[in-house]
Amino acid sequence: MRFSPMAFSIGLSILKTREDAEDLVQDLFAHKVPALLRERPDLTPEELGRVLAVTARNLCIDRYRRRRRFPETELDPESHGADSGQGGPQAEEDPPDPETLFTDLKPKYREVLTLKYLWELTWEEVAARLGISQAGARKRAHSARKDILAKHSDRKAGK
């Protein structure tokens with residue numbers, strides 16, 4: 001389906017692992033989409049995309065919260081920051097990759113940046129998919145950029 005990449009991107013930005021994002025897409029399209037289409041067969045493709053984006057986000061947030069409540073279920077070492085084993089000076093000199101910059105952001109910040117800059121949606125489309133105003137979407141993006149810059153400058157200061 002044409003919305004799979006969007007759902008995967010939302011999942012990856014919030015859940016942080018490829019496997020979790022793939023599981024999300026599978027659950028979304030195996031369980032939620034058929035039920036949604038049965039309940040609302042008159043959805044236009046644009047409306048369906050909006051509903052799927054919000055549903056994917058909500059499923060991710062549920063999983064994220066569940067993971068925080070029950071951390072013993074999270075056994076994947078890759079989800080705990082692959083850079084922790086590379087504490088040498090060479091790792092500090094390299095510019096941080098975007099995935100690392102997104103890692104510590106709040107899910108709502110990662111989500112808005114993913115939709116705007118990775119999916120290249122307009123502010124109007126981002127706001128519609130998230131169910132918030134355009135000003136709210138811009139504010140989240142601004143706050144996310146401030147967080148990233150603050151963390152990046154802390155990294156440079158610690159050299």
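Worth a mention:
So that you can scan it fast, the table gives a plain yes or no per residue for (1) basic (K, R); (2) part of a helix (DSSP H, G or I); (3) more than 16 Å from the chain's Cα centre (by Cα); (4) more than 18 Å from L59 (Cβ to Cβ):
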{"residue": "L101", "(1), (2), (3), (4)": "no, yes, no, yes"}
{"residue": "K108", "(1), (2), (3), (4)": "yes, yes, no, no"}
{"residue": "E111", "(1), (2), (3), (4)": "no, yes, no, no"}
{"residue": "K116", "(1), (2), (3), (4)": "yes, yes, no, yes"}
{"residue": "E120", "(1), (2), (3), (4)": "no, no, no, yes"}
{"residue": "E124", "(1), (2), (3), (4)": "no, yes, yes, yes"}
{"residue": "A127", "(1), (2), (3), (4)": "no, yes, no, yes"}
{"residue": "A137", "(1), (2), (3), (4)": "no, yes, no, yes"}
{"residue": "A141", "(1), (2), (3), (4)": "no, yes, no, yes"}
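- Those residues of segment 3-38 which are farther than 18 Å from L113 by Cβ, in contact (Cβ under 8 Å) with a residue 40 or more places away in the chain and of a type in the set (D, E, K, R), in sequence order: E19, D20
- Of the criteria (1) under 18 Å from F8 (Cα atoms); (2) at pLDDT below 65; (3) outside the structural domain of G131 (by TED's automatic domain parsing), which one P98 fails: (3)
- Scanning segment 43-79 for residues that are loosely packed, with under 10 Cβ neighbours inside 10 Å and either outside the structural domain of F3 (by TED's automatic domain parsing) or modelled with pLDDT under 50 (or both) yields a total of 2.
The values are calculated or read from the model by the stated rules, or taken from the named source; none is laboratory data. Note that this is a predicted model, so its numbers are computed, not measured. Don't worry about glycine lacking a Cβ; one is built from the backbone with ideal geometry, like all the others, and counts go over all protein chains shown.
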